[in-house]
Each structure stands twice: as structure tokens, then as C-alpha cells.
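A short write-up of the structure that comes next.
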Amino acid sequence: MKCPYCSFTDSKVVDSRPDKGGAAIRRRRECESCGKRFTTHERIEEILPLVLKKDGRREPFDRMKVIAGIQKACEKRPVSVETIERLVDRLETRLQEGNEREVPSTAVGEWVMNELHELDEVAYVRFASVYRSFKDINEFMAELQDLLKR
């Protein structure tokens, strides 16, 4: 593991423990050159399906892209980073268990919206407004009225 301070390639593991969800290992390392400590997180490399975009392109599932979109929707809302991480963990598990080689981006977006609806209705509306690309205020109001009916 390359040291983030001096770029030396050898470090020793000082402490190792599972993260909160048990899906990764948190390791404290010490650089053998400069002696500074840093933390790494190790997770199993999982085979996830390609995401089929609306324009026909295919791209690998990007966990960080999904997290960024959810974080934007949850900005200034009482939703913790850990809650968002667990939400995306559930999405990844669902994608792995589906055993599909490709999944439409619309399916990913709908699943995230359903999760956000249960988590925080303001975040849900924010995400939906971007995801569904509302053309005008009437489409936005229709979505809000749907939300109020549920």
C-alpha cells in the first residue's frame, strides 16, 4: 500500500477490524519510511452488472456516482452518511443477487427513489426532480400530489 504522505510502497498493518456493517475491513497502517499512519478500507471486489443508460450506452455500476446523487438529494437533511452507505450497500446486494449482466439505469433510479421515499420525503422529491427531468411546474406538482396521496 502506497503511503499518501511520502509515496513509499511498504507499510505495516497496525490494527485491523471490520467496519460497522461488516462489509469491509478497516486497517490502520504505518509507513515504514516516514512513520506516519493512515487508514485503508478493504472490500470484496464484486461483479456488478453494467448499467444500460437511456441513450443506449453501457457503463459499469459506479457506487460513488450513486452515493453522490443521493448525497445531493439529502443535502441539509437529517440523513447520515452511514445511512446513505447502507442504502447503496442494499442496492449492490440486490444487483448481485439479480444475476443480471445488464440493468437499466431506470431500474436503479426507481429503486433509489423508493428507498428515499421511505427515508426522507424531501430528499425523495429532490432526487425525483432531477431523475425524472420534470419539464415544468405541473409535472413537479403532479409528483408532489402523488406523494401526498401515499
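The values are calculated or read from the model by the stated rules, or taken from the named source; none is laboratory data. Just so it is clear, the structure is predicted and the values come from calculations on it, not from any experiment. For neighbour counting, all protein chains shown are included, and Cβ atoms are generated from backbone atoms with ideal geometry for every residue, glycine included.
Those residues that are basic (Lys, Arg) and in contact with a helix residue (DSSP H, G or I) (Cβ under 8 Å, 6 or more places away or on another chain), I need them from region 98-150; list them, please. Even if it seems obvious, please write down each step before you answer.
The first filter runs over region 98-150 and keeps only residues basic (Lys, Arg), leaving 101, 126, 132, 135, 149-150.
Within region 98-150, ARG126, ARG132, ARG150 meet the criteria.
For region 69-95, taking the residues that are of a type in the set (Asp, Glu) and in a helix (DSSP H, G or I), the one that is surrounded by the fewest Cβ atoms within 10 Å (Cβ to Cβ) is identified as GLU82.
Of the residues making up region 133-143, not one is surrounded by 15 or more Cβ atoms within 10 Å (Cβ to Cβ) and either under 25 Å from ARG94 (Cα atoms) or of a type in the set (A, V, I, L, M) (or both).
In the list VAL112, VAL125, which residue meets the criterion of being at pLDDT 90 or above and either closer than 20 Å to PRO78 by Cβ or loosely packed, with under 15 Cβ neighbours inside 10 Å (or both)? Outline the logic, then answer.
Working: VAL125 fails: at pLDDT 90 or above.
Being at pLDDT 90 or above and either closer than 20 Å to PRO78 by Cβ or loosely packed, with under 15 Cβ neighbours inside 10 Å (or both) holds for just one of VAL112, VAL125, which is VAL112.
Pairs are defined by a Cβ separation below 7 Å, a sequence spacing of at least 6 or placement on different chains, a first member in region 21-36 that is in contact (Cβ under 8 Å) with a residue 24 or more places away in the chain, and a second member that is acidic (Asp, Glu) and surrounded by 14 or more Cβ atoms within 10 Å (Cβ to Cβ); the pairs so defined are GLY21/ASP89; ALA23/ASP89.
This table checks each residue for (1) assigned by TED's automatic domain parsing to the domain that holds ARG94; (2) on the phi > 0 side of the Ramachandran plot; (3) at pLDDT 90 or above.
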site	(1), (2), (3)
CYS6	no, no, yes
ILE25	no, no, yes
ARG28	no, no, yes
LYS54	yes, no, no
ARG58	yes, no, yes
ASP62	yes, no, yes
LYS65	yes, no, yes
GLY69	yes, no, yes
GLU75	yes, no, yes
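GLY35 fulfils the conditions (1) outside the structural domain of TYR124 (by TED's automatic domain parsing); (2) under 18 Å from the mean Cα position of the chain (by Cα) except for a single criterion, (2).
Residues are listed down the side, and each one gets a yes or a no for (1) over 30 Å from GLU46 (Cβ atoms); (2) without any contact (Cβ under 8 Å) to a residue 40 or more places away in the chain:
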{"residue": "VAL81", "(1), (2)": "no, yes"}
{"residue": "GLN96", "(1), (2)": "no, no"}
{"residue": "ASN99", "(1), (2)": "no, yes"}
{"residue": "LEU116", "(1), (2)": "no, no"}
{"residue": "GLU121", "(1), (2)": "yes, yes"}
{"residue": "TYR124", "(1), (2)": "no, no"}
{"residue": "LYS135", "(1), (2)": "yes, yes"}
{"residue": "LEU144", "(1), (2)": "yes, yes"}
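Of all residues in region 33-48, exactly one satisfies the criterion of being at pLDDT below 90 and either surrounded by 14 or more Cβ atoms within 10 Å (Cβ to Cβ) or of a type in the set (Gly, Ala, Ser) (or both), namely LEU48. Residues that are of a type in the set (Ser, Thr, Tyr) and outside any strand (DSSP E or B) were ranked within region 1-36; the one that is nearest to VAL81 (Cα to Cα) is TYR5.
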